[in-house]
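Since the structure comes first, as structure tokens, the remarks are kept for the end.
The values are calculated or read from the model by the stated rules, or taken from the named source; none is laboratory data. As the structure is a prediction and not an experimental result, all values here were calculated from the model. Every residue, glycine as well, gets a Cβ built from its backbone with ideal geometry; the counts of neighbours run over all protein chains shown.
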């Protein structure tokens, strides 16, 4: 699921970048006819990795909508200045004319959609926008792909290399089944082989169908040869796709087989007769999705389902072919509306993302036009709609005026109908920036979080080389926390709260106002090679009477982590507690009155049901009847302990009653 979501996010972001690039080029030509100038500037220095100045490097700045651009060339010291900039948010690209160095965007990324925007406000001069360009890598992986059954070479196989650090490349085999993946960065790669449109199964090197079980190939500046694959015959499905309204065949419909992790294992398209055959599938269970090439027709799953959870699974045995996996595609409905900036009503360039009502998996999506309008075709169903403006400094929003999935208002669409006025007025956000210093060169991920009301309101990843970060948050008051994770290492670094303290309670609140930029919110993390402390539970008493309350305290949990508590060995649910921003938790639970006397274990469970902490408790039997305790903590209780005077009064009344009865008996 994680890889498929990452794949979907890459497609969405890449398409958005393409739309921006096309729109930017068109607008830039119009701008040449009527140039727009301002008084702002951006300056910096371009060097090679290692520090040598790069003269003659080309620097290009552009706003997201392409309405303003600027170019400069570095001098002999590598310095440049982009001038006459109007107010706006810019991406800056660095390249060399001879392609002797790898082009990149500020701040240290090769994709425009990942670039950090630089804001020009009131004609300001922004300096320090530097870049260090690397030379192209020299590593490579090569090999040959053949059929397992007859050893003949297979042409047209897509061969991909996925690096552990995010590097990725692909190529296809030639007529001899040979391939070479060149210009690879130093990394360890998983190499995959996918023979689309054939009866051969996808596999990863070395001879596995599981990405996680693949043998990684280390590349270190030179060629790696002999990474061959012999692909075996798989299972398959076939069928016909037609329109539901008139039965006409649907040419070019996209059929994909999805495994239980919702990952695409195989895909193909229908021919002019609407027929398809999808082979090369490993034995297993699949959900089949039919994607329409016609915007008038909706996509669906087999059998007549619009959502993943409603699809009927198909189970394939080894090398089995199942026919009759057909689909009749219905006419779609539409969701439409307008996205504007809340402060002034200006139309916005934005992605509009549509999700199924009960699943966070992205379904259709679209972009607004120059007037901020959008119209998205959807299959009949109920959806949540999310708005993501391309302009830096604007908050994401869910319909209707919601900040989160849980608070979103759902939209229900019937076949052939359009639900209009699903609009968004996107509000501006405040920018908080600074640096995080860390006394280690180990591979790590450093993040800065903004907390308010016990929740994370914003997160930023710290730049790997210069330690900078930028957070975009709504207007408000926040507690900021910096932390570091070292994958595969015992090294840890204690989190730090602003300003230089160890706990949230000691932290200095940071106030974000309007669209302002708050700078200099810095942190210094100190590493410790000893393992991080494990979560620990502490009980208010080692022994408790059944039916009474026990107070639980804990430390070392993940901030914001929700934990369920049970009394074992026979599991009895007691309630739940949530860790605060410091990883601490506390509350009171009632030990059920019917709990048998003896030694028991109180356990804390994470969201997956795994035990993360435990504590032993001795339970003694309650003396007669149900026993109640005090109210408090995580679970409220009913009843109360009887006061001493009430017990004495009741005893007195009972004694008087007995004497009266005895007296009447004597008189009788």
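For segment 282-290, state whether one or more residues are within 20 Å of residue 379 (Cα to Cα), touching a residue at least 40 places away in the same chain (Cβ under 8 Å) and within 26 Å of the chain's Cα centre (by Cα). Yes - at least one qualifying residue is present in segment 282-290.
Could you tell me whether segment 271-289 includes any residue that is under 28 Å from residue 417 (Cα atoms) and at pLDDT below 90? Within segment 271-289, not a single residue is under 28 Å from residue 417 (Cα atoms) and at pLDDT below 90. Scanning segment 81-90 for residues that are surrounded by fewer than 23 Cβ atoms within 10 Å (Cβ to Cβ), touching a strand residue (DSSP E or B) at 6+ places or on another chain (Cβ under 6 Å) and without any contact (Cβ under 8 Å) to a residue 60 or more places away in the chain yields 81, 83, 87, 88.
Filter segment 59-75 for residues that are assigned to a loop (DSSP other than H, G, I, E, B), in contact with a strand residue (DSSP E or B) (Cβ under 7 Å, 6 or more places away or on another chain) and at pLDDT 95 or above and give the result. Break it down stepwise before answering.
Going through segment 59-75, the residues assigned to a loop (DSSP other than H, G, I, E, B) turn out to be 64-68, 74-75.
The next check asks that each one be in contact with a strand residue (DSSP E or B) (Cβ under 7 Å, 6 or more places away or on another chain); those that pass are 64, 68, 74.
Passing the criteria: only 74.
For (1) outside any loop (DSSP other than H, G, I, E, B); (2) under 30 Å from residue 458 (Cβ atoms); (3) not assigned by TED's automatic domain parsing to the domain that holds residue 537, each residue gets a yes or a no:
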{"site": "559", "(1), (2), (3)": "no, yes, no"}
{"site": "567", "(1), (2), (3)": "yes, no, no"}
{"site": "587", "(1), (2), (3)": "yes, yes, no"}
{"site": "599", "(1), (2), (3)": "yes, no, no"}
{"site": "607", "(1), (2), (3)": "no, yes, no"}
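If the condition is being under 35 Å from the mean Cα position of the chain (by Cα) and surrounded by 17 or more Cβ atoms within 10 Å (Cβ to Cβ), then segment 42-62 contributes 42, 43, 44, 45, 46, 47, 48, 59, 60, 61, 62.
Selection of segment 294-333 for residues being at pLDDT below 85 and more than 16 Å from residue 415 (Cα to Cα) yields 308, 309, 310. Test residue 638 against the stated conditions and say whether it is on the phi < 0 side of the Ramachandran plot, in the same structural domain as residue 545 (by TED's automatic domain parsing) and at pLDDT 85 or above. Answer is no for this residue. Taken together, 413, 385 contain a single residue that is farther than 30 Å from residue 516 by Cα and modelled with pLDDT of 85 or more, which is 413.
Criterion first (farther than 22 Å from residue 289 by Cα, crowded, with 16+ Cβ neighbours inside 10 Å, at pLDDT 95 or above and touching a strand residue (DSSP E or B) at 6+ places or on another chain (Cβ under 9 Å)) does residue 237 satisfy it? Give the derivation first.
Values: farther than 22 Å from residue 289 by Cα: no; crowded, with 16+ Cβ neighbours inside 10 Å: yes; at pLDDT 95 or above: yes; touching a strand residue (DSSP E or B) at 6+ places or on another chain (Cβ under 9 Å): yes.
In short, no.
Highlighted here are the strands (runs of 3 or more DSSP E) found entirely within segment 156-253 that include at least 3 residues which are under 22 Å from residue 141 (Cα atoms): 158-163, 168-172, 178-184, 187-194, 217-219, 229-231. Scanning segment 546-581 for residues that are surrounded by 19 or more Cβ atoms within 10 Å (Cβ to Cβ), touching a residue at least 40 places away in the same chain (Cβ under 8 Å) and under 26 Å from residue 483 (Cα atoms) yields 554, 557, 559, 563, 577, 581. Out of 420, 389, 408, 377, one residue alone is surrounded by fewer than 18 Cβ atoms within 10 Å (Cβ to Cβ) and either free of Cβ contacts under 8 Å to residues at least 40 places away in the same chain or not assigned by TED's automatic domain parsing to the domain that holds residue 478 (or both). It is 420.
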